[in-house]
Structure formats: C-alpha cells, structure tokens
Amino acid sequence: WDFGLTPACLVCQYVDGQLKIIKEFVSDNCTLEDLIKLSVRPWMNIYLSGHSIQSDCDPADNALLNHQITLKSFGIDTEYAISNLLAPRLDAVKSLLSELVLGKPRILLSAEGCPTLRSGFIKDYYYKRVKVYGEEVYKEEPFKSHPVSDIHDCLQYISMRVIEDT
C-alpha cells in the first residue's frame, strides 16, 4: 500500500522464489476507504478467499494509524514497510530484477493486471534530466508522477520484504 496523494495497492504472490505481480489498484481522487470497498475487497473476495495475506504499507505517512485502522476494518492487517529510504527500496527492486530462480526471472509482471506499473517500467517512472550550469544531469530521485510513482512505491515496499524474508 502507498498512501501518497492517491492510495495505491499492489497484489503479489511469492512462490518458489518468484515474485508474481498479479494486480494493481490505483486511484485518482478517491479515498482509501472507497478504493478498498469498491475495488480491492471485491477482487480479494473472488481471487484470494481462503488464502493468507501479508500486507505492508508506506511507513512515512502522517495519517498512517488511520490508514491501518481503515485497512483492518476491511479485514486487512497491515505492517509498516521495512524502510521509506529510497536507496534500499530501489536496490531491492533492482536485486529482484537482476536475479534468476531455477533459470527463470525472479519477478513476473502481469501486463493485463498491472498496466500502470508496466508503463512505469517502460517509460513513465524515470529520472528527470535537468540543466545544471549548462550541463545536463539527471536528478537523484525518480520523477513523481501519480499514480505511476505510487504503484512503483508499492513494488519497492514488497521487494524489500521479499529480500528480507529470503
């Protein structure tokens, strides 16, 4: 979960060393409660009924306790992500993207279920070029364009958990 300007949720399955990125939920001008009630919970009831769930969320949000209470009211117990520092988050994703498990990619992404995340990988989650003293350089942090950056933040939180648990 990321609770930036707009709430976002990424659903993954971790099986045999592979992180399978199944479904994204991004919002525009929607509350966390509405996103859960109208999209996330109905999907979970169909596809995750009877499965155990581990839920991590953005640890830096000022209204975090309220968000955890909202999630819990829908039956989703949520822990803080390991860190909100950008470098460990990006390193975790890079690590998973660069590894193989039994000759297969460590991360699999559903193009159908995660179009925003996919577009971020292709072109929309990037380091912006700026001019500094007449020279073009890249900013040190990815450009924040919502909802792309929100869903990529979700992937970063999940990736840190996977790295820590393996």
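The values are calculated or read from the model by the stated rules, or taken from the named source; none is laboratory data. Being a predicted model, the structure only gives us computed values, none of them experimental. Backbone-built Cβ (ideal geometry, glycine too); neighbour counts: all protein chains shown. Heads up: the accessible areas ignore ligands, DNA and RNA and are worked out on the full protein's heavy atoms, side chains in. Shrake-Rupley method; radii C 1.70, N 1.55, O 1.52, S 1.80 Å.
Annotations
- When the solvent-accessible area of the chain is split by element, carbon and sulfur atoms take up 52 percent of it, the probe being 1.4 Å.
- Largest GNM mean-square fluctuation across CYS154, CYS30, CYS12, computed for the chain with C-alpha springs under 10 Å, falls on CYS30.
- Within the chain, no whole DSSP H helix has Cα atoms reaching 27 Å or more along its own axis together with a mean Kyte-Doolittle score of at least 1.0.
- Per residue, segment 31-106 exposes 62 Å² of solvent-accessible protein surface, assessed with a 1.4 angstrom probe and all protein chains in place.
- Per-residue ellipticity at 222 nm, computed for the chain from helices alone with -39500 (n - 2.57) per DSSP H run of at least four residues, works out to -9500 deg cm²/dmol.
- Exposed loop sites here are chymotrypsin sites (Phe, Trp or Tyr not before Pro) assigned a DSSP state other than H, G, I, E or B and surrounded by at most 12 other beta carbons within 10 Å; excluding them, the longest clear run of the chain is 1-126.
- Heavy-atom accessible area per residue - segment 107-166, 1.4 Å, Å²: 61
- Selection among LEU5, SER73, VAL101 by position relative to the dipole of segment 1-122 gives VAL101 as farthest towards the positive end (Cβ unit charges, Cα centre).
- Share, in percent, of DSSP beta bridges within segment 35-166 that are antiparallel, nearest 5: 65
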